[in-house]
Amino acid sequence: MQAAMDITAKYCRKEMEAYGLCVASNPSTWQQKCHELKMNVAQCTSSHPVIQKIRQECSNEFVEFERCLREHQGQPASCSPHVARFLGCTETVDLSGVATNPVSQPS
């Protein structure tokens, strides 16, 4: 989970910050008031070219990590080697030719 958050924060920082500020500013009503911002984060993570490329090239490592989490729900730390393999894979993805700062789509 932290690996996905790290990647999201790196490539969807603007969306994450806006959502985080909304949640912090609306402690009792954030589910309703921040829904659109949450959807913006989801849109960014599903459409960002870098994240798409990482998903494509590191899918096996991520699937293994998710499987480990399911099998060791009470001990997520036991999946640290899987996280390390996934993060290692993300560092080796060739991002040349991939737009790392695509123009934001209007909401």
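Taking every Cα-Cα distance in the stretch 24-71 and sorting them into 5 Å bins starting at zero, the pair-distance distribution P(r) comes out as 5, 18, 14, 14, 15, 15, 14, 5 percent. Couplings 3J(HN,Hα) for the stretch 24-35, derived from phi with the Karplus relation 6.51 cos²θ - 1.76 cosθ + 1.60 (θ = phi - 60°), are 5, 7, 10, x, 9, 10, 4, 4, 7, 5, 10, 4 Hz, where x marks Gly and Pro.
Divide by every residue of the chain the summed helix terms, -39500 (n - 2.57) for each DSSP H run of at least 4, and state the resulting mean residue ellipticity at 222 nm, rounded to the nearest 500 deg cm²/dmol. Value at 222 nm, helices only, nearest 500: -21000 deg cm²/dmol. Each Cα pair of the chain feeds into the Kirkwood radius, which the Stokes-Einstein equation turns, at 25 °C and 0.890 mPa s, into a diffusion coefficient of 161 µm²/s.
A crude spin-label estimate for the pair His72 and Thr29, with each label 7 Å from Cα along the Cβ direction, gives 4.4 nm.
Taken about its Cα centre, the chain carries a charge dipole of about 260 debye when Lys and Arg each add +1 at the Cβ and Asp and Glu each add -1 at the Cβ. Compared with the rule-of-thumb size 2.2 N^0.38 Å for a compact globular protein, the stretch 1-52 has a Cα radius of gyration ratio of 1.14. Could you tally the net charge around Ala18, taking each other residue with its Cβ under 13 Å from the Cβ of Ala18, Lys/Arg +1 and Asp/Glu -1? Residues near Ala18 contribute +1 overall.
Bear in mind that the values in this text are calculations on the coordinates, not laboratory data. Just so you know, these numbers come straight off a predicted model, no measurement behind them. FYI the Cβ positions are ideal-geometry reconstructions off the backbone, even for glycines, and counts take in every protein chain you see.
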